[in-house]
Amino acid sequence: MPYYRSVGEVPRKRHTQFRQPDGSLYAEELMGQEGFSSDSSLLYHQHAPTAIVAAEEFTPPAFTRVPNLPLKPRHLRTHKLDGTGADPVLGRQYLLANDDVRIAYVLADRPSPLFRDATGDHCLYVESGTLRVESTFGVLDAVPGDYVVIPTSTIHRLVPTGDAPTRLLAVEAAGHIGPPKRYLSVRGQFLEHSPYCERDVRGPDAPLLVDGEDVEVLVRHRRGWTRYTYAHHPFDVVGWDGHMYPWAFSIHDFEPITGRIHQPPPVHQTFQGPNFVICSFVPRKVDYHPDAIPVPYNHHNVDSDEMLFYTGGNYEARRGSGIEQGSISLHPSGFTHGPQPGAAERSIGADFFDELAVMVDTFRPLDLCDAATACEDDGYAWTWARRP
């Protein structure tokens, strides 16, 4: 995260004696990226964070990946995946994946186990319902429209709250997710042209301080999954400081960039990850040139696949294609895509679009996973041809 936070109790000088009321030392834990050469945070535990009493291999729910063949645009109806509910980690239904990113959907109605992903950051988008994110850094509460970024190797638990289940889109990276570099100064401050800034970002503001012994934590790592039993609860942190921690940002705080003619997707970019970007399409004033056509022109992004998750409002360019709340469209590299027939004419004269969508553009092709096949609208690819 681009700015420093200090939460709870920390000593004035790092890596110096910091003692508990009984005189024993608090145990330091430095969590850092890129081998001590990038962002980090320093946490202070009541017990040694290294103390485990058991470890066993764990087999997670399986999913398969197949290429997008034949190559064509796809429409996935995520709400067709609704079942009896699941936990928000092990219950994820994987839709699309490549070696850089996995994209999953879940209708969650129960807490997850304690979980650590040592393979990369997660970006969760809350479509509906509410979510409590508990971690070694404290608590974050998320509501519809919130993105929550969870850094690599953070031990956390996701707890749906409220009366209704929580709908989540999960983007799991094989690396780190953060604001685009062009939005940041060389020292990490959001610049004036950024569509959001530090005031829009929330982080944990108090330690969680949970006590307990023999606590299980599931860990996904580069060789598979392991279930550890820790001697003490990992949420025994009394304080921490640094630049690496879970943080939340609301899509409703994203300030859209508009112009006299149609603006391309980079103006909507919100995050960057390894070989992918995440963009936010929000309600906004649209093009004000007297001859403007507000919807996108036909385009072929020759280097990327484009996935768009429709999460509110009325997406003008897709009207008439069966797109609905919770829909995902996949427009792959190798195929020219654009607005549905008639959308360009209908958009002329419009001055405002009331739409809400999350886009993930990847620079390697996305494979289809089991859940994508289960919820696909097989007729979507032919909706541009005006045929039954």
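Pro246 fails exactly one of the following numbered conditions: (1) under 22 Å from the mean Cα position of the chain (by Cα); (2) farther than 30 Å from Met1 by Cβ; (3) open to solvent by less than 40 Å² (accessible area, probe 1.4 Å). What is the number of that condition?
Just one mismatch for Pro246, condition (2).
Quickly run through region 161-189 and pick out the residues that are hydrophobic (A, V, I, L, M, F, W, C) and part of a loop (DSSP other than H, G, I, E, B).
Step one: of region 161-189, the residues hydrophobic (A, V, I, L, M, F, W, C) are 164, 168-171, 173-174, 177, 184, 186.
Ala164, Ala174, Ile177, Val186, listed by residue number.
Among the numbered conditions (1) closer than 24 Å to Tyr228 by Cα; (2) acidic (Asp, Glu); (3) open to solvent by 10 Å² or more (accessible area, probe 1.4 Å); (4) touching a Pro at 6+ places or on another chain (Cβ under 9 Å), tell me where Asp82 comes up short.
Exception for Asp82: condition (1).
Any residue in region 253-275 that is more than 25 Å from Ile103 (Cβ to Cβ) sitting within a Cβ distance under 6 Å of a residue that is open to solvent by 30 Å² or more (accessible area, probe 1.4 Å)? List the pairs, counting only those 6 or more apart or interchain.
Thr258/Lys285; Arg260/Tyr288; Arg260/His289; Ile261/His289
Return yes or no: is Gln272 open to solvent by 30 Å² or more (accessible area, probe 1.4 Å), over 30 Å from Val53 (Cβ atoms) and outside any loop (DSSP other than H, G, I, E, B)? Steps first, please.
Details: open to solvent by 30 Å² or more (accessible area, probe 1.4 Å): yes; over 30 Å from Val53 (Cβ atoms): yes; outside any loop (DSSP other than H, G, I, E, B): yes.
So Gln272 passes the test.
Among the residues that make up region 114-122, is at least one of them of a type in the set (A, V, I, L, M), closer than 20 Å to Asp87 by Cα, open to solvent by 40 Å² or more (accessible area, probe 1.4 Å) and assigned to a loop (DSSP other than H, G, I, E, B)? Spell out how you get there, then give the answer.
Keep residues of region 114-122 that are of a type in the set (A, V, I, L, M), which gives 114, 118.
In the following step, the residues that additionally are closer than 20 Å to Asp87 by Cα were identified as 114, 118.
This time we only want the ones that are open to solvent by 40 Å² or more (accessible area, probe 1.4 Å), so: none.
No, region 114-122 has no match at all.
State whether one or more residues within region 313-320 are on the phi > 0 side of the Ramachandran plot and either modelled with pLDDT of 90 or more or not small (Gly, Ala, Ser) (or both). Walk me through how you get there before you give the answer.
Initial filter on region 313-320 (on the phi > 0 side of the Ramachandran plot): 313, 320.
From what's left, either modelled with pLDDT of 90 or more or not small (Gly, Ala, Ser) (or both): none.
No, every residue in region 313-320 fails to be on the phi > 0 side of the Ramachandran plot and either modelled with pLDDT of 90 or more or not small (Gly, Ala, Ser) (or both).
Here are Pro70, Pro21: which of them is closer than 30 Å to Trp384 by Cβ, part of a loop (DSSP other than H, G, I, E, B) and free of Cβ contacts under 8 Å to residues at least 12 places away in the same chain? Explain how you work it out, then say what you get.
Values: Pro21 fails: closer than 30 Å to Trp384 by Cβ.
Of the residues listed, the single one that is closer than 30 Å to Trp384 by Cβ, part of a loop (DSSP other than H, G, I, E, B) and free of Cβ contacts under 8 Å to residues at least 12 places away in the same chain is Pro70.
The values are calculated or read from the model by the stated rules, or taken from the named source; none is laboratory data. It should be emphasised that the depicted structure is a prediction, and the values quoted were computed from it without experimental measurement. Cβ atoms come from the backbone with ideal geometry, glycine included; neighbour counts cover every protein chain shown. Protein only, heavy atoms only, side chains kept; ligands, DNA and RNA dropped before computing areas. Shrake-Rupley method; radii C 1.70, N 1.55, O 1.52, S 1.80 Å.
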